[in-house]
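Notes follow once the structure below has been shown.
The values are calculated or read from the model by the stated rules, or taken from the named source; none is laboratory data. All figures in this text were calculated on a predicted structure; none of them were measured in a lab. Every residue, glycine among them, receives a Cβ derived from its backbone with ideal geometry; neighbour counts consider all protein chains shown. Remember, those area values only see protein heavy atoms, side chains included, never the ligands or the DNA or RNA. Shrake-Rupley method; radii C 1.70, N 1.55, O 1.52, S 1.80 Å.
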Amino acid sequence: MARGVSPIHQRADYIETAPTGPAPHLHVVDPVPSHAQQKPRLSLDGVTVNFGARAVSAVQDVSLTIGAGEFVALLGPSGCGKSTLLNVMAGFCTPVQGRVLLDGEPLTGPSAKCGVVFQKHSLFPWMTALDNVAFGPRRLGLTNARQIAQDLLDIVGLAHVANEWPASLSGGMQQRVGIARALATRPPVLLMDEPFGALDAQTRSLMQEELLSIWDKLRPTVVFVTHDIEEAIFLADRVVVMQTYPGRIAREFAIDIPRPRSAEVLNDHAFIERRREITDVIRVEARKTFR
Amino acid sequence: MTVALQSLRKFKGVAVAITLGAIGLSLFAGIWTWASAHLGNDVLLPSPLSVLSTYAELIADGSLAKDIGASIFRVFAGFSIASTIAVPLALVLAYSRILRGLVMPLIALIRPIPPIAWIPLAILWMGLGDPPSYFITSIAAFFPIFLNAFAGGTSLQQEHVNAARSLGAGPFALLTKVMLPSALPMIVTGLRIGLGQAWMAVVTAELIAAQSGLGYMIQISRLSLETSRVLVGMTVIGLLGAVMIGSLGVLERRFIVPWNYPR
Ligand SMILES: Nc1ncnc2c1ncn2[C@@H]1O[C@H](COP(=O)(O)OP(=O)(O)OP(=O)(O)O)[C@@H](O)[C@H]1O
Ligand SMILES: [Mg+2]
């Protein structure tokens, strides 16, 4: 991590890129406590997704309302449809039933309003790390795209590999470039699919804190998919636990641990209590699947 | 310091490769010399030295340069025609299921026909001279270019398209920044193979349907039993083909698709 680098949102050059007045791709920060449910940013209503002729839906009848600036973690066993649900929110995949609203409007397809961090390698191999990150700003016609990209690479601690091809970066480094790329357009909604899954524990914990600090300043709406119960509780305002066959929401937990959170909260009573509750639910769900 | 060490190691590798290659070639030349001395017949197998002196002769009278020029021009003509048609066609077919269904069966049927089998038709349609050679070389280059470009087009990953669209890419940016670059490595491979095929085909075409070029030179030298000229033609073909394909390979690694060969 590049400690001592000031976060991107505090820099004048980054702020200046934001046009004054409402711009569709920029999220205006609301000074409201994050866990307070305000006007919904993203809402899913009875969403069902099938793949081919499979008997069981990948995602079945999922309804979920996510407030502007809310941080939601999606937790569940492998194959329960987390990525599929995220693809629906990103507009990559149209549900067979149900609808998705973004800011009250039906979602028509992917756009720069929803930044996505993908589970698997999705960097463009034909662009350097820097050009990957600058891709979004360039599409939006920002003239300082290069500077934005450099600053974000700094934040994810990869300024020194700016001119490398993705193929010469490690998996974890690629994932961090992917996070920088998704942040570069400052999307009001950030959809992250197991972004830290490939990182070592040390980097992972640093990245979690860095993500929280970025989120705290920019307040995007985040949907964060993970396998990791502690990670979900540490980051989120709300943990949505999914069950499998078919993929459905099993339970939701509000996480009322005060912010800002640091690594110390992992030992707090409230944290441990939440972890126990969620672990119990997941264990019950897992047992159902194996029977 | 590590950079110096690395380049030293690289230099060593190159030196070893060159030494081994030189040893291999000298061994071959040795066997050739021995065999021709053993046969003692310059029509059956002239010695490397007499081939070299024929080289000097043909270079001095300028005829070798003329033949090389004629052949290279035909190869580039045919190769350009083939790539201009094959690359766009392959990409369009890769992205359109209907056109793919329409055209692919036809391609599958035409592909196994060797370029040489087209020569009678080419001569009937175009007479002797340059045009049949353009035709034959472009047929030879077309299929490797087409098939590789098609594979490049279909290798497009949905994740890359999704990522680009969620970063605000419109149809044009999607085409130029995602679809084309993702197909490029395979396209370049196709071009390299296609160039090699065109080079081999031009000799075939010239053996039969032309009145200049290396293939023609080999053919008339055979008729006049000047075997050392035949061997000059053959070795020039080998040499130039290796140089062309090798330099295209270098261009590919250094400049066209460097991301596929990260150091
Ligand atoms: N493109 C696809 N075609 C067919 N089936 C698919 C496709 N994508 C996902 N599925 C199926 O849908 C179900 C949910 O998959 P999904 O990738 O959403 O799971 P996940 O919760 O993200 O799992 P993981 O934690 O392992 O990433 C699985 O049964 C999977 O086999
Ligand atoms: Mg997944």
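Sorted by accessible area (1.4 Å probe), largest first, how do B:TRP118, A:TRP215 line up?
Sorted descending by solvent-accessible area, the residues read B:TRP118, A:TRP215.
Among A:MET127, A:ILE148, A:LEU102, whose Cα projects farthest towards the positive end of the dipole of region A:32-150, with charges put on the beta-carbon of Lys, Arg (+1) and Asp, Glu (-1)? Of the candidates, A:MET127 comes out farthest on the positive side. If you bin all the Cα-Cα distances of region B:175-263 at 10 Å, starting from zero, the percentages per bin are 16, 34, 22, 17, 9, 2. Only Cα pairs under 8 Å and 6+ residues apart enter the sum, and on that basis the relative contact order of region B:51-260 stands at 28 percent.
As a size descriptor, the averaged projected area of the C-alpha convex hull of region A:64-165 was calculated at 8.5 nm². Using the alpha-carbon positions of chain A, Rg (one decimal) and Dmax (whole number) come out as 18.6, 57 Å.
Region B:1-44 and region A:127-171 have Cα centres spaced 46 Å apart.
Rounded to the nearest 100, the interface formed by chains A and B buries 1900 square angstrom of accessible surface, both chains summed, with a 1.4 Å probe.
Rg and Dmax over the alpha-carbon atoms of region B:1-62 stand at 18.9, 59 Å. Kirkwood-type hydrodynamic radius, the protein assembly as shown: 28.2 Å, calculated from all non-identical alpha-carbon pairs.
Each Lys and Arg adds +1 at its Cβ and each Asp and Glu adds -1 at its Cβ; summed about the Cα centre, the protein assembly as shown shows a dipole of about 480 debye. Model label points for B:VAL14 and B:PHE255, set 7 angstrom from Cα along the Cα-to-Cβ axis, are 1.8 nm apart. In this Cβ point-charge picture (+1 for Lys and Arg, -1 for Asp and Glu), region A:120-186 has a dipole of about 240 debye about its Cα centre. Look at the dipole of region B:51-260 built from charges on Cβ: of B:PHE255, B:ALA90, B:GLY129, the Cα furthest out on the positive end belongs to B:ALA90.
What's the average, rounded to a whole number, of partner chain beta-carbon atoms within 10 Å of each residue's beta-carbon in B:167-177? Whole-number average of other-chain Cβ neighbours for B:167-177 is 5. Counting, for every residue in B:155-165, the Cβ atoms of other protein chains within 10 Å of its Cβ and taking the mean gives 6. With an 8 Å cut-off on Cα pairs and a minimum separation of 6 or more residues, tell me the relative contact order of chain A in percent. Reported as a whole number, the value is 24 percent.
What share of all Cα pairs of region A:135-259, in percent, falls into each consecutive 10 Å distance bin? For region A:135-259, the binned pair fractions read 11, 40, 33, 14, 2 percent.
In the structure shown, the pairs B:LYS10/B:LYS66; A:LYS120/B:LYS177; A:LYS39/A:LYS82; A:LYS217/A:LYS288; A:LYS113/A:LYS288 are assessed against 32 Å; a Cα-Cα span above that value is assigned to B:LYS10/B:LYS66; A:LYS217/A:LYS288; A:LYS113/A:LYS288.
Remark on region B:51-260: hydrodynamic radius 18.8 angstrom, per the Kirkwood mean of 1/r across alpha carbon pairs.
Using a 1.4 angstrom probe and counting only protein chains, how large is the accessible area of B:HIS160 in Å², to 10? Rounded to the nearest 10, that gives 10 Å².
Multiplying the residue separation of A:ARG204 and A:VAL284 by 0.36 nm and removing their Cα-Cα distance gives an extension gain of 26.0 nm. Between the listed residues B:HIS38, B:LEU109, B:ILE187, the Cα displaced farthest toward the positive end of the dipole of the protein assembly as shown, a dipole computed from Cβ unit charges relative to the Cα centre, is found at B:LEU109.
The HN-Hα couplings worked out from phi for region B:230-237 by the Karplus form 6.51 cos²θ - 1.76 cosθ + 1.60 (θ = phi - 60°) are 4, 5, 4, x, 4, 5, 5, 4 Hz, whole numbers, x standing for Gly and Pro. Note on B:PHE73: accessible area is roughly 130 Å² with a 1.4 Å probe, heavy atoms of protein only.
Grab the alpha carbons of region A:120-186, take their convex hull, and tell me the volume per residue in Å³. Intermediate values should be presented prior to the final figure.
Values: hull volume 4.8 nm³, N = 67.
Per residue, the Cα convex hull of region A:120-186 comes to 72 Å³.
Label point of A:ALA263 set 7 angstrom out along Cα-Cβ; within region A:162-206, amide nitrogens under 20 Å from it belong to A:172-173, A:176, A:195-206.
Leaving out ligands and nucleic acids, and using a 1.4 Å probe, what accessible area per residue does region B:110-172 come to in Å²?
Working: 2800 Å² over 63 residues.
Roughly 44 Å² per residue, with all protein chains present.
On the accessible surface of region A:120-186, probed at 1.4 Å, how many percent belong to carbon and sulfur atoms? About 48 percent, which is the carbon plus sulfur part of the accessible surface.
Computed about the Cα centre, the dipole magnitude for region B:51-260 is approximately 680 debye when only Lys and Arg (+1) and Asp and Glu (-1) carry charge, each at its Cβ. Which residues, if any, in region A:58-95 have at least 20 Å² less accessible area in the whole protein complex than in the isolated chain, probe 1.4 Å? Checking the loss per residue gives A:PHE92. Taking all protein chains together and rolling a 1.4 Å probe, A:CYS80 ends up with roughly 0 Å² accessible.
Expressed as a whole percentage, what fraction of the accessible surface of region B:141-263 belongs to carbon and sulfur atoms when a 1.4 Å probe is rolled over the protein heavy atoms?
Working: 3560 of 5410 Å².
Its accessible area is 66 percent carbon and sulfur atoms.
Remark: region A:52-153 carries 39 Å² of accessible area per residue (probe radius 1.4 Å; ligands, DNA and RNA excluded). Among the residues of A:106-116, the average count of other protein chain beta-carbon atoms within 10 Å of the residue beta-carbon is 3.
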